[in-house]
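Written below as structure tokens is the structure these notes are about.
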């Protein structure tokens with residue numbers, strides 16, 4: 001499986017994970033001049049912009065380690081653009097990362113890092129899931 005296929009599989013698994021937890025998927029692969037949001041979803045009155053990172057192994061760190069400062073800035077700009085384009089105001093937002101681990105024998109591990117795309121990690125909540 002190449003990286004593109006792995007990424008697509010990870011995004012599909014992340015969508016299923018979110019739906020199972022009550023999220024409504026509004027957009028996938030939302031693209032604008034500032035970049036891309038893998039998933040835009042809503043749950044309990046909060047709008048989430050989600051970056052999905054998929055790995056087959058942890059040899060080079062966790063998937064979220066690949067969300068660089070530059071990528072975080074792009075996601076923030078994409079969120080601002082989306083809110084402006086859809087005239088959305090006065091709604092809580094979160095900028096999240098979902099880590100998808102493709103393990104042996106078809107097993108997966110999914111970790112949802114809420115509000116991970118901020119500079120103050122004390123605001124990050126970690127939710128884990130194993131299948």
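Points to keep in mind about this one:
So that you can scan it fast, the table gives a plain yes or no per residue for (1) more than 12 Å from the chain's Cα centre (by Cα); (2) under 27 Å from residue 2 (Cα atoms):
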site: 24; (1), (2): yes, no
site: 28; (1), (2): no, yes
site: 31; (1), (2): yes, yes
site: 35; (1), (2): yes, yes
site: 43; (1), (2): yes, no
site: 46; (1), (2): yes, no
site: 50; (1), (2): no, yes
site: 77; (1), (2): yes, no
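- Restricting attention to the stretch 76-91, the residues that are in contact with a strand residue (DSSP E or B) (Cβ under 6 Å, 6 or more places away or on another chain) and either at pLDDT 90 or above or surrounded by 13 or more Cβ atoms within 10 Å (Cβ to Cβ) (or both) add up to 3.
- Check on residue 110, surrounded by 13 or more Cβ atoms within 10 Å (Cβ to Cβ), modelled with pLDDT of 95 or more and part of a strand (DSSP E or B): no
- All positions within the stretch 12-36 that are touching a strand residue (DSSP E or B) at 6+ places or on another chain (Cβ under 8 Å), under 22 Å from residue 81 (Cβ atoms) and assigned to a loop (DSSP other than H, G, I, E, B): 23
- Meets criteria (surrounded by fewer than 17 Cβ atoms within 10 Å (Cβ to Cβ), in contact with a helix residue (DSSP H, G or I) (Cβ under 9 Å, 6 or more places away or on another chain) and modelled with pLDDT of 90 or more) for residue 34: yes
Residue-by-condition table, conditions (1) over 17 Å from residue 96 (Cα atoms); (2) at pLDDT 95 or above:
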position	(1), (2)
1	yes, no
7	no, no
12	no, yes
19	no, yes
25	no, yes
30	no, yes
46	no, no
51	no, no
56	yes, no
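The values are calculated or read from the model by the stated rules, or taken from the named source; none is laboratory data. This is a predicted model, so every value here is computed, not measured. Quick reminder, even Gly has a Cβ in these numbers, built from the backbone with ideal geometry, and neighbours come from all protein chains shown.
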